[in-house]
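Colleague: Got a structure for you, written out below as structure tokens; questions coming shortly.
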Amino acid sequence: FFIPESLPKGKRVPLTCAGAANPLSGMGILFRSRVLILCTIIIVVTKIADIGVGEVYGFYLNERVGFNKKDFGFLFAEVSLVAPVCLLVVMPLMLKALSPSLVMCVALVANAAVAVMIATIWSKWPIFAFATPVAGIMLMVSPIVQGIVTNAGSENDLAKRLTALVAVGDVCSAIAPLPFGVLYSQLHGEAAAIPFFVSAGLCCISAYLATRLSAAVEADVAHEVMEEAGVGSDDDPVVSEGVAEQIAQRTEARMAAASFAGVNAGHDLLGTTSQPRLASQPRLSSAARLLGTRAGGDDSQRRFE
């Protein structure tokens with residue numbers, strides 16, 4: 001109300017409460033496909049596990065091994081150095097060798113192992129040697145999920161999907177400290193390590209869900225191809241075999257595009273520019289052709305070849 005309207009008068013829309021009556025309605029887009037549902041659950045579980053235990057991290061280390069202000073200063077400095085290396089160097093290399101779902105699985109299992117290590121910590125040095133590098137690897141999960149969500153539907157509602165995903169993550173980040181904080185406040189002695197075991201269990205659940213992402217992507221692609229070809233699941237098996245190669249190509253292209261989008265999301269997380277973007281553009285165009293869509297085109301150009 002204090003900033004002048006920037007749109008021309010002919011394009012202005014009256015402010016109403018009708019569209020904002022239900023602030024959660026926009027999140028419904030995350031339930032349109034199996035891939036989006038899986039990605040949403042992974043983000044929810046991972047945020048709760050990571051952010052929740054992070055709130056009791058300092059108190060536990062101080063009580064367990066006498067972590068002081070100087071130790072935390074070194075820890076934060078190490079994290080600030082490790083995070084860019086993981087997102088700008090390690091993640092692109094891993095995505096070249098492994099699928100996005102497998103990279104996520106590795107990161108989540110490693111984080112679960114570190115949570116167990118912290119629960120049974122006996123000295124300060126394992127925190128600097130193992131916990132901090134794995135914390136940097138854990139940062140790869142969110143960009144990779146965003147990359148998969150980016151390629152999990154039409155370009156027309158891309159912004160809605162990503163906005164809804166970020167909103168879900170923010171909500172979980174806001175509420176996660178409450179249960180972990182209450183739980184930790186009720187525990188004493190050796191039992192104070194329980195929140196870290198809970199976090200490890202949640203990371204293992206996310207890792208298992210990550211292993212199902214490739215199958216979910218393939219199932220969604222198969223559904224799209226069958227619809228475009230006018231082929232049902234009960235049709236002639238010869239016809240079904242004819243579209244099998246198309247399904248495999250689109251699935252591979254979609255995961256490749258997700259890897260590239262995940263790398264760009266990692267750059268965005270750090271506020272840097274992904275220089276390989278132009279060099280990788282032919283790869284994206286090729287992936288778009290395999291997906292049956294013109295690069296930069298709208299969904300109406302999608303066709304079955």
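The values are calculated or read from the model by the stated rules, or taken from the named source; none is laboratory data. Predicted model, so just to flag it, every value in this text is computed and none were measured. Here Cβ is always computed from backbone atoms with ideal geometry, including for glycine, and neighbour counts include all displayed protein chains. When the accessible area is computed, the model is the full protein with side chains, heavy atoms only, and any ligands, DNA or RNA have been set aside. Shrake-Rupley method; radii C 1.70, N 1.55, O 1.52, S 1.80 Å.
Colleague: May I ask you to derive the FRET efficiency for ASP170 and LEU88 from their Cβ-Cβ distance with R0 = 25 Å, giving the value to the nearest 0.05?
Modeller: So the FRET efficiency works out to roughly 0.55.
Colleague: Separate question: Taking just the C-alpha trace of the stretch 59-175, give me its Rg and Dmax in Å.
Modeller: Taking only Cα atoms of the stretch 59-175, I get Rg and Dmax of 16.8, 53 Å.
Colleague: Let me see the pair-distance distribution of the stretch 25-91: every alpha carbon pair, 10 Å bin width, integer percents in order.
Modeller: 16, 27, 31, 18, 7
Colleague: Let me ask something else. In whole Hz and in residue order, list the ³J(HN,Hα) couplings for the stretch 170-175 that follow from phi through the Karplus curve 6.51 cos²θ - 1.76 cosθ + 1.60, θ = phi - 60°; x for Gly and Pro.
Modeller: Couplings: 5, 4, 5, 5, 6, 8 Hz.
Colleague: Using a Förster radius of 30 Å, what is the FRET efficiency between ALA159 and ILE194 based on their Cβ-Cβ separation? Nearest 0.05, please.
Modeller: The calculated FRET efficiency here is 0.15.
Colleague: Got a sec? What order do TYR208, TYR60, TYR184 fall in by accessible area at 1.4 Å, biggest, i.e. largest, first?
Modeller: TYR208, TYR184, TYR60
Colleague: I've got another one for you. Between LEU98 and PHE76, what length in nm is gained on full extension when 0.36 nm per residue of separation is reduced by their alpha carbon distance?
Modeller: Difference between extended and current length: 5.0 nm.
Colleague: Please list log₁₀ I(q)/I(0) at q = 0.12, 0.13, 0.16 Å⁻¹ for the stretch 133-211, using the Debye equation with identical point scatterers on the alpha-carbon positions.
Modeller: Debye curve over Cα of the stretch 133-211, log10 I(q)/I(0) at q = 0.12, 0.13, 0.16 Å⁻¹: -0.50, -0.57, -0.80.
Colleague: Follow-up. Along the principal axes of its C-alpha atoms, what lengths does the stretch 57-102 span, in descending order and rounded to whole Å?
Modeller: 41, 19, 10
Colleague: Given a 1.4 Å probe and the protein chains all in place, what does the accessible area of MET94 round to, in Å² to the nearest 10?
Modeller: Surface accessible to solvent at MET94 totals approximately 40 Å².
Colleague: Counting only C-alpha contacts under 8 Å and six or more residues apart, can you give the relative contact order of the stretch 66-187 as a whole percent?
Modeller: Worked out over the stretch 66-187, it gives 31 percent.
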